Structure formats: structure tokens, C-alpha cells
């Protein structure tokens, strides 16, 4: 699943360099894509459901009008930081890895963008026992590595086990923690390379692999869809070097890869479409060129000449190019919700009075900020932290942000006055880049109008997370973005609001330590009925919003361009870029 | 050689050199005539800006044609130089006519060896080989009295002393045995001993080759030493001309008289204060009317009707002697004496 | 000469040491932790320790710097990566590529860009400057002077995209900028770099035009130039052997320094034309907190500048015999 923090961390850096990603679009022309106000968000409220064994059978449903063959060109600025699945956490890397590394489960994306969790390598989405403490998956027949050998349960286990190795530090750590029962999981199991020992908590039998977890994880079948938990071929594990040339079991394999320059993916002849319910894999080849700035990519895609007609970029159309793109390439633009939610955290350790938090939220100039950051292209106004792409999402406008996105400093002032807190000092931290400098002004004015004594502090974008990640940071309000690692509430609320995560560089950025919230997280996590669990998460979304843990901003959107000879170019709801495995080259 | 002894070797007639500048036309030389025969030395004297150097650059044709208008006639050995094609002038320069510049350090290329700079002139004009021209350069260095010429030939100008540089400069000018040599204050920056050596050298060379020399200086002592004839320039014009002895002994122009007065005498009493001419040289953009010297002339009021300020005095040359002044002969005899002692 | 070289090389080493130490300190002067780069979303202190160990940054700053220096001369063992042979500049924090190999891999792009555009801007810049100096004050001079004034005030990030739009996207006259190694396909190397060369050269040409003109205008009035003419040397000879010789010194000096800078990567040009050179590598390492890569780029580009300075001084001494190397 996508990894918000890393995405945003990169985003901050890129924004500092070329002010592209964060400030995706202009506030201007939105007629082609934006549907205005909140319809878009409602339209995108995706049903995330769990599929059956039948749903898990390949091949993937044909895309109408699609044909096989052809070559697609990717115009990207950055290379993939990792292709070793265990080291993959960034959505950026997953966009490519998804056609190289299959996982036990995966998401079958419908034409409408709906997601169905299905068995990818496994025959179904797994069997849960002991209230979610034991999970079993059985491998399909005919799933093979690029050398034609079978993907075995040993390979699956090896994938989980090598995640403990010292050189694997970038990937997810959920399974490691649950399989050992401790956060310091390396101490209880050093990985498969020292003494060739296996994890006791994973057992295999025939084609079935069983995980014995230390705590109930009713949504573990979502977790194993993460690339961090993809199988790794025991016989072909080149350890550190695997990152440079991974061994594929997906529809494509790496033909060549020059770091930061280019990568060519060609068909893996041993991939059998009949085993794969997710991937269509129409083109024969993908040629990646790295180092192409977003502006250049947009120019080339707008010009649409030569090979660029077969090209697409995973970088959003920069603000400066949106108007031109809309005028010249309207039919080749595509925009969709990304998995990220943007919020402004309110530091609970410093801003302890709920009335003060309420005043801040009421005064907050959400509409003004959004128009600076690209208007409707920036995203749809958010009501909480949970994205519409997470199972169970409900629009619950606690603070009336949809009715009055501009904010109401007068009402805020009244709240503040009543609480006797007029003139309260608030420290707003922001990233030092041109866009956020403009945002700062709007924020400052709104808070001043509400009767606050505003102090603003600029922070270098490259150290943003290091700064705000300190528990004893000296800021009251700071921006943050989040997207779930998998589309259930656990992946939102546990990292962000569990009181255990109020540590330096922890994920509880607002420092919320609320026993009720902790208990609610625990209860929803343990709920085995996923429908009930989803409702509990939605209630929690309302609860933390009411507590004033953050100021809801937007459900973020992304705008992309593609060449005229490509068809069915659509956003992957998990990884915030177009899906390689669904597009085709027009005749 | 086409000239005969009766014909002057170099004949300059009514030469005018006018520069156009942003401020207007500078009349650097405004109607100058003189003749020079082979084997003789003409000393041209005058303050800075009097047009001495400009005249000689005009003879060599070194002025930028874009900004300079040259009028009149410059005949060298019967050949008109003014307006001659550049190619022809290139052939003559350094060959038939050569020039020694005053500041040898600045005038020699810092980027080439002395030998190269001397040799290339020889190669250019004689078509000699590299080795031949190098041998010639050594020979010339030897002739001008540079010790160890075969070694010093590969030195750069900055490795030479001031006197040696000046000798090298002379060697360079003489390498093609020029028939006309223009020496533009060649000894100004040198000490007296070296100065004397270089003067002797020039005299020797003249004796040997019968070279006609134009010697430009503001130092009448030097003129006394080397010149046969003297031409005194002021404000772009000739104010007095004549054989050296006559001009120095019995100057006919108050300016010459003034120059002689401002000159320290070698054998005179050391404590006699110098007596420079008061005032400053005339502007060539807006020269004074009438006699250009009249604003500074001590005797201008001696001439009736203010003619000095109105009327340009004509230069009348009789037997190579004459001056441009409104004073009468009697007045001259009266005012411009007491200089004889100074000249010698 | 030997004395000169020894003295200057020693100076260069000291310069590079200072640059690397300052870079090291500046990097850590802002509160950032490079180990965070390689840490997952839920980042435990234990994992951070493992990463710091992997990266070789678990020691105190001076010790780290010492290890970094030591590795250049004797190599270094990296846990999990084996031995990195001397001269070792370490591995990227981001993608674990060896720094030295990465920099050398990028270098041909930057060098091609620099040398190709240098050829263009030297020919046009000096040529136009010479013409302007010879035709001083005439219409040609005035046109050249004002054109170079306009060109020198232009910026790559403006001219680059405009050139791309006009020459590539709209008219398809020239190829999309790209880098193909010369050894692989000289034709593609040339056509791929033509637009960047021209754009980079356009801006640099102006500087060289103005410099050449002003230098020549000065040397053409030098006494030794007049002497050369008085010797009967042809105008051409006088111009090239005397006036130009005198003008060359300062131009060579500036060119040497410019070349040092260009070989260190033309960041904006590389960015504009998406060329993966040293400049872009430097920008990325800064953005990514990639200290080893940043240091590697800094050291190598600083070396170019330092070497360029030495070469310039040596060249100047060759051009002007008055300068002595010591």
C-alpha cells in the first residue's frame, strides 16, 4: 500500500527544488476535471471489499478496446529508490514493483476505481482462525518466477524472513512485530542469513503457509498485500544486490536498469495470465527514462510528438502547465483522488485547551489555502483524516468545513473570548518554499483576525519531518499528510493516534494521548467482522476530529497527462500513479 | 635608388593630420613642410602635443584611417606615401623607413623573444630563412653593443635592462638597413651615460649607411649633439627651422628662445634656476587665433595692432632657415639674444 | 615548474580538505538525520541504530569524517557491502550506489555538455569579439555589442524551454535533448546534445564576445602593436601574433575558471534539458540528504576548479613569459 509519509517527505523535497508536487495545480481552469465542491469526494467514495475465491481467479477482466503489444515510455524525474520488494514502502516504487512482484493478496481495481481484495498468488484472501491470530494462505498452481520455476511457500516465507535482515530497514514492520511479538524484532530473530534458521511463527505445509501472530489481526490479509511482504526466491536471493535486479514473478521483468538513467521492462514469458486476476499486461515493453523534470515531461506530453505519443509520466502536471495542458490536451488529462489526506496537526502537548483548538479550527482559512495550492486540483475539502479510499469512509462534517471552507474568524473569536483566551499565542510552523510562504500569510491573517497572537516559524523543507517529529517541538500547528498503508482504518488511526506512538520521530504527530481513543483503536482492531470494524473506524474518525487533534484540509488529488496513443490510462487507487498493468497501446 | 643628391630624400609638404574625436576635430598637425636629405639628421623639437610624434606616425602611415584625415604630401625618395596602398607601406616600413620608439619596454612585445622580434623584420623584408634571420638578429645585437648576443637573442624584453632594451629596439629598426630612420625620443628614459652611448651608436650607423634620420626630442641638448638641422614645432606647426648651430645660437622665434631658456646647461652654473616658458601648450581642438604661441609669448605686445592674435605669421624659409613670427629682424636681435652661451 | 606543481598541488589538497570538512559540518549543522531516509514509516530506535551502522555514521562527527578521509586512501569496509577499494568515497545513502562510480558515470554527460558548448561559445564568442574589436565603433561592432548584452542577460531557465519549444516541440528541427555516449553512437551524441550546446553557448558566447572585444580594444592600442606595424608586419600578423596574444591571457584565465565550473555541472542546464550530469546529481543529493554523494560531488567538482586554476596559471605563464611559475 501507499506510504504517505515517505511520499510527503519526497514531496517536500521536490517542492523545494521545483515547486511541483505539493502545489500540484493552478487555481484556474478546472472545468475539465474538477466536478466542483464535494461531489467529487462523494463520487470517489470507493467501496473496498473483500473478494471471494472466484474473484481471485485469473485472468483479469478484459479492458474494452484494448489490444496486446506495443511499447510504453515513462517520463519520470526520479528513479526507484528500491526494487527489492522487502525494501519497498514508497508508493513510487510500488508503481513499478507491482508488475514485477506479486503478493499473496492484491487489489483488483474495477473500471470505476473500486477495489476488491483478492488472492494474487494465493487462491483466495486467506483463512482466519483464533479471532485473527492465525492466518493461512494457499498458493495457486502455475505461479512462476522468471526462470520458469514455481513460486513456493518457501519463497513466500523467505520474503517474510529476510525482512528481518540488517540491510532491510526501509520496508514495513507490521508483520515482523506481530510474528515476534516485539517492536525490537531483530533481537528475537536475526533473519534467515545467520544460521539459516526459520521463524517459528511461520509454518508451511504443501502449498499452504500459515502465520501465527502474537495478536489478533483480522485485517492481516490486507497487510500481506504490501510489497514489503512479497515472496523472494530462496535460490536467487542476492541480498543487498537484489535491489538492483529483482527476480520477477509478475508479467514483466527487468531487462536493464541504469541507476537514475533508465530502466527497461520486458515481458516475463513465464507469467501466466490465467493465474492473475489483477493484471492485464497489454504492452510488450516499458521504457523508463529518469531525470526528466516534471515541467519537461508536461511539455513533451502536451506536444505529443514521436515516441511521446506513447508516453506517460508519474509526476503530476506542474501548476504552471495546467492551463496549457487543459487547453491543448484536455482529453489526455486524468485526475483522481490520491490516497493522501492533508491536515494541519494541532500539537496536543502545547495546545491543551479544547476551546482554543476549536477556535483555531473554526478560524482556519481552508479555502484560501487551497486556492493558493491549486484550487480544485489540489483536492476536495476534507471532513476528517480518513480518506474516501479507505473502507468504511463516511463524510461527517464535524466542524462545518464543507459549509464554510473559508473559515470564520469572527465565530472563532467568540469562542476564544468566551473561554477567556483572547490573545493566546500560537506558533505556526511551515516549510520554507514559495507556496507555503503564501499559505503562511493567509493563515497568519486568519488567526490574527480570530484574536490569536500568531508566531510563524519557517523550517527548511528537507528537515521538516525531523523537526516536527520531535515530541518536544516548539510548534503548535504544522502541516502533515497521511495515507494509509492499506485501506482499512487501522492503518490510519493506530499510527496517528495511538498514545504509544507519541515518541521522537513517531507517527502520532499531534501527540494525542486519549484513553478513549486508545481503547476504540484496540476494539476496532480486534473486531473480526470487517463491516463492523469499518463502522467503528468511521466513528473514530469523527471522534478524533471532534477532539481537535488536527484541522482537516483536503483529500488530495493528482492530475496527470498521457500520450495520445495510450488507452485506459487510470490511477492506481493505492499508489497514486497510473497503472502499468491496465493500460494499452492504441493501434 | 632613384633619388639624386639634389632632390631631398624625404619631402613633406603642407602636411595636415586631423583626428576626429567625440569633442570635435583635433588638428594635431596643421600645415607642416620640411625636407631631409640622405645622411643628414633633422631634429624635431617641441613640447608634448606639439605634433612631433603625430608627424612621424603619419610618415609611416600608422594612423587609424577611420578617425584620421591626412592631407598634404609625404614623398619618400620620390614616392608619394600619403594614400599609398597598405601593402606598399607594409613593404616600406621596417625596410626602407624604420622607427625607434621612446618607451622600449612598452614598445617591444612582451610575448616574443628579442631575437624573434628582430628576426621577423628581416624575414619579412628579405625572405630570409629562420636560421638566417636569427643569425642576422645576433649580428645586429652585437652591432648595437649587446654583450653575449648569441645568448641574449633568446631573452625576453623584460629580462633586459632599460639601456639594452633601447639598443635592441635600435637593432630592430636597423635590421634592414633603412634609408630613413625616425627616432622618437629614443633616449628619454635613459641615464646620461647610456644616452651618450646610444647617440654615438646612431651617429656611427649613419656614417656607415648614409641613413637619413629624424630625431624627435624635447631636449635641445640632444639636438645640439646629433642634429644637422632643427625644426621647432608648436601647436602642430613649424615655428622655426634652420641649421642646428644657427637655430641654437640665434633663435628667430620667441618659442625657440624660450625653449633654450628652459634648458639646463651642461657647462653652465648648476645653481642658475631653470626658466620654463609660462603657460601651457595650446588646445588643438580650439587653437588660438593668429600665432598659436601668442598667448604665452612675452613679446606679443611688441607687435603693433595685435597682429599676433589676428594674423597667422607665415613661415618663410630662405636657404633652409626661417621662422614664423611677426617680430621684425631688429626686434629679434634685440629680444632674442643672450642665448649663445647656453647652446654651447 | 616542478616547484610550482608541488606547491600548487599541496595547496589544492588543503583546499579540498577544507571544503570537505566544511561540507561535512554544514550538512550536520541543520538538524537532520540521514538515517531517517532508510527507515520505514514506523521507525524504531533499534532500526535507526542498524541503519546508522550500515551507513557508517554511528560514530561522533570527527571520527566519521576521519573514516571518510581514510577511505579515500586505504578503502573501507561497509557492513553488508564488503570492502570498498581506495579511493573510496562511500555509498549513496539513498540507493547504495558507490559514489565514485556514480560521479564518473555522470561525468561524461557533463563533460560533453561543457566541452561541446565551449567549442561553440569560443568560436562564436571570440570570433564575434574579434570582429567587433576590428570594426570598433562601426555598425557591426554596435550590433555585436548590443546583441551580446541582451544575450548575456538571458537565463538558461528562460531560453532553454523557449528553445525546446521552438526547435524541438513545434518545428521538430532538432532532436529532443538526451545523452548517448560518444563511443556508442557519435551521431546520436551530437544530435542529442545540440540544443543544450546551443542554448548554453548562446549565453556564454555573449560573455566571451564582450571580453574578447574589450581585451582586444585595449591591446590594439598597445605600443608593441604599433611597433609591430612600424616593422612592416601585415595587419593580420599584427592582429593575431601581437594584439590577440596579449588579449589571450585574461581570456584563457576566465575560460579556465569557467571550464572548471562547467565541468562541475551546469545545474540549471542539466535540469532544463533533463541531462543526468554532475549538476543534477548535486541537486538531488542536497534534496535527499545524501551526504556521501554530496561530498563526492563537492570534492570532484572542487578538484576541477582547483585543477583548472593550476592549468590556467600554467597556461598564462606559457602565454606571457613575464609570469614566472613558483
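Assorted remarks:
- Cβ-Cβ under 8 Å pairs, at least 6 apart or on other chains, segment C:128-140 side over 21 Å from residue C:242 (Cβ atoms), far side at pLDDT 90 or above and not in a helix (DSSP H, G or I): none
- Counting the residues of segment A:243-270 that are within 13 Å of chain C (Cβ to nearest Cβ), within 23 Å of residue A:151 (Cα to Cα) and out of contact with any strand residue (DSSP E or B) (no Cβ under 9 Å at 6 or more places or on another chain) gives 1.
- Condition broken by residue C:137, with the remaining ones in (1) buried (at least 22 other Cβ atoms within 10 Å of the Cβ); (2) away from chain A (no Cβ under 14 Å); (3) more than 22 Å from the chain's Cα centre (by Cα) satisfied: (1)
- For the condition on the phi > 0 side of the Ramachandran plot and modelled with pLDDT of 90 or more, residue B:145 does not qualify.
- Test set (1) under 23 Å from residue C:245 (Cα atoms); (2) more than 13 Å from chain C (Cβ to nearest Cβ) - residue B:147 fails condition number: (1)
- Residues located in segment A:224-242, provided they are within 23 Å of the chain's Cα centre (by Cα) and either within 14 Å of chain C (Cβ to nearest Cβ) or surrounded by fewer than 22 Cβ atoms within 10 Å (Cβ to Cβ) (or both): A:226, A:227, A:228, A:229
- The condition of being closer than 21 Å to residue A:251 by Cβ and more than 14 Å from chain C (Cβ to nearest Cβ) holds for only one of A:121, A:199, A:179, that being A:121.
- Single unsatisfied condition, residue A:187 versus (1) within 11 Å of chain C (Cβ to nearest Cβ); (2) surrounded by fewer than 23 Cβ atoms within 10 Å (Cβ to Cβ); (3) under 25 Å from the mean Cα position of the chain (by Cα): (3)
- Residue match in segment A:407-426 (condition: assigned to a strand (DSSP E or B) and touching a helix residue (DSSP H, G or I) at 6+ places or on another chain (Cβ under 9 Å)): yes
- Filter result (crowded, with 19+ Cβ neighbours inside 10 Å and out of contact with any strand residue (DSSP E or B) (no Cβ under 7 Å at 6 or more places or on another chain)) within segment A:467-491: A:469, A:473, A:485, A:486, A:488, A:489, A:490, A:491
- Subset of segment B:230-251 (residues that are touching a helix residue (DSSP H, G or I) at 6+ places or on another chain (Cβ under 8 Å), within 9 Å of residue B:43 (Cα to Cα) and surrounded by 24 or more Cβ atoms within 10 Å (Cβ to Cβ)): B:230, B:232
- Helices (runs of 4 or more DSSP H) contained in segment A:294-400 and holding at least 2 residues under 24 Å from residue C:270 (Cα atoms): A:294-303, A:319-328
- Residue match in segment C:39-51 (condition: in a loop (DSSP other than H, G, I, E, B), within 14 Å of another protein chain (Cβ to nearest Cβ) and in contact (Cβ under 8 Å) with a residue 40 or more places away in the chain): no
- Listed by position, the helices (runs of 4 or more DSSP H) enclosed by segment C:219-299 that each have at least 1 residues that are more than 20 Å from the chain's Cα centre (by Cα) and within 14 Å of chain B (Cβ to nearest Cβ) are C:223-230, C:245-263.
- Just one residue in the set A:531, A:504, A:516 is surrounded by fewer than 17 Cβ atoms within 10 Å (Cβ to Cβ), at pLDDT 95 or above and not in a strand (DSSP E or B); that residue is A:516.
- Tally of residues being touching a helix residue (DSSP H, G or I) at 6+ places or on another chain (Cβ under 9 Å), closer than 23 Å to residue B:205 by Cβ and assigned to a helix (DSSP H, G or I) across segment B:58-111: 6
- Restricting the search to helices (runs of 4 or more DSSP H) fully inside segment A:127-205 and requiring at least 1 residues that are in contact (Cβ under 8 Å) with a residue 60 or more places away in the chain gives A:153-162, A:174-180.
- Apart from one condition, residue A:448 fits all of (1) away from every other protein chain (no Cβ under 14 Å); (2) free of Cβ contacts under 8 Å to residues at least 60 places away in the same chain; (3) closer than 21 Å to residue A:90 by Cβ; the exception is (3).
- Against the list (1) over 19 Å from residue C:28 (Cα atoms); (2) touching a residue at least 60 places away in the same chain (Cβ under 8 Å); (3) within 14 Å of chain A (Cβ to nearest Cβ), the condition residue C:96 fails is (2).
- Yes/no for residue B:84 being within 25 Å of the chain's Cα centre (by Cα), at the interface with another protein chain (Cβ under 9 Å from one of its Cβ atoms) and surrounded by fewer than 18 Cβ atoms within 10 Å (Cβ to Cβ): no
- Inter-residue pairs, beta-carbon under 7 Å, first under 9 Å from residue A:471 (Cβ atoms) and more than 13 Å from chain C (Cβ to nearest Cβ) and in segment A:501-512, second buried (at least 21 other Cβ atoms within 10 Å of the Cβ) and modelled with pLDDT under 95, 6+ apart: A:502/A:508
- Of all the residues in segment C:3-38, those that are in a helix (DSSP H, G or I) and under 30 Å from residue A:173 (Cβ atoms) number 7.
- Picking from residues in segment C:54-79 that are over 27 Å from the mean Cα position of the chain (by Cα) and surrounded by 17 or more Cβ atoms within 10 Å (Cβ to Cβ), the one that is nearest to residue A:504 (Cα to Cα) is C:57.
The values are calculated or read from the model by the stated rules, or taken from the named source; none is laboratory data. Model, not experiment: these values are computed from the prediction. Using ideal geometry, Cβ is built from the backbone for each residue, glycine included, and neighbour counts are taken over all protein chains shown.
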